[in-house]
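Comments concern the structure below.
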Amino acid sequence: MPPAPAFYAPQQYLRSPEGLAKAVVVLLVIVAVADLLAVAAGVNIRRVLAAGLENDFATYDEAEATLADNLYGSASVLQTLVYLATGVVFIIWFRRVRLNAEVFDPSMQSMRPGWAVGAWFIPIANWVLPRRIAGGIWTASAQTNTDGSWRTVPATLMNLWWGAWVCSQIISQYTARRYWVAEQPQEILDTTGLLMVTDVFDIVAAVLAILFVRKLTRMQGERAALGVYPLGAPGLAERAH
């Protein structure tokens with residue numbers, strides 16, 4: 001008789017998200033630093049513009065203004081590059097924890113694993129769908145009681161992170177439109193102030209994202225240590241939704 005096929009336990013489909021989580025945390029720290037530099041550059045360019053407006057640009061220093069504008073532009077380029085790198089690694093981490101959640105308890109997942117990537121690229125819907133997916137991941141990863149009961153893990157941190165991120169995106173899009181059409185010095189001064197507010201929101205969102213990534217990664221480690229089979233708790237699937 002032919003040999004029996006090898007049995008692959010569900011544990012073999014679990015992959016640790018810890019390495020990716022560390023990379024995401026480091027990149028988010030860099031994001032916060034880049035935002036701080038952008039705020040400092042914004043303060044500087046506002047100072048130069050305000051000084052010129054006070055005397056109707058009678059003593060306007062063209063060299064200083066050019067330097068301030070170059071510094072602000074460099075800070076913006078740095079932000080863009082860091083955001084792109086962080087977004088890529090974060091989505092890879094997000095997919096990893098989503099696949100682990102599928103092993104922990106697929107009944108808690110309202111969307112297929114591929115949406116852990118695709119949901120981020122759908123305009124408007126990306127303000128809702130990733131949070132829905134994160135809720136299922138959070139719920140499945142929180143099943144850590146060995147008697148089959150559910151451990152209560154409030155979703156406050158996840159909700160704060162998501163709220164800050166959505167607010168940051170909305171304000172950023174609104175401010176960017178204002179900035180690109182600004183022509184007069186006063187308009188540039190005002191929109192630069194709005195961009196600084198956006199940067200502050202980004203910093204808050206980055207800090208909350210760090211806490212969220214570390215918390216969820218730790219939850220998955222604790223859940224994996226108990227075994228991968230669903231621990232079952234009917235009726236509680238919406239705990240984190």
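The values are calculated or read from the model by the stated rules, or taken from the named source; none is laboratory data. Small disclaimer: the values here were computed from a predicted structure and weren't measured. We place every Cβ from the backbone using ideal geometry, glycine too, and count neighbours over all the protein chains shown. The protein model used for the area step is the full one, side chains on, heavy atoms only, and it has no ligands, DNA or RNA in it. Shrake-Rupley method; radii C 1.70, N 1.55, O 1.52, S 1.80 Å.
State whether the stretch 68-163 is rounded, prolate or oblate according to the following rule on the C-alpha gyration tensor (a ≥ b ≥ c being the square roots of its eigenvalues): a/c under 1.5 gives rounded; otherwise a/b larger than b/c gives prolate, and the remaining case gives oblate.
Prolate.
Could you report the stretch 81-190's accessible area per residue, 1.4 Å probe, as an integer in Å²?
Value for the stretch 81-190: 50 Å² per residue.
Name the trypsin sites (Lys or Arg not before Pro) in the stretch 31-132 that are in a loop by DSSP and that have at most 15 other C-beta atoms within 10 Å, would you?
Passing sites in the stretch 31-132 do not exist.
Which percent of Cα pairs goes in each bin when the distances of the stretch 144-221 are cut into 10 angstrom slices starting at zero?
P(r) over the stretch 144-221, rounded to whole percents: 18, 32, 22, 15, 8, 4, 1.
Out of every Cα-Cα pair in the stretch 81-131, what percent are more than 16 Å apart?
Result: 43 percent of Cα pairs exceed 16 Å.
Going by a ≥ b ≥ c, the root eigenvalues of the Cα gyration tensor, does the stretch 19-121 fall in the rounded group (a/c under 1.5), the prolate group (a/b larger than b/c) or the oblate group?
Working: a/c = 4.80, a/b = 3.63, b/c = 1.32.
Prolate shape, in that a/c is at least 1.5 and a/b is the bigger ratio.
Determine the gain in length on full extension of the stretch residue 167-residue 184; use 0.36 nm per residue of separation and subtract their C-alpha separation, reporting nm with one decimal. Intermediate results must be reported in sequence, preceding the final value.
On the way: separation 17, 0.36 × 17 = 6.12 nm, distance 2.74 nm.
Stretched out fully, the residue 167 to residue 184 stretch lengthens by 3.4 nm.
For the pair residue 120/residue 55, report the inter-label distance in nm, with labels modelled 7 Å from Cα in the Cβ direction.
5.0 nm
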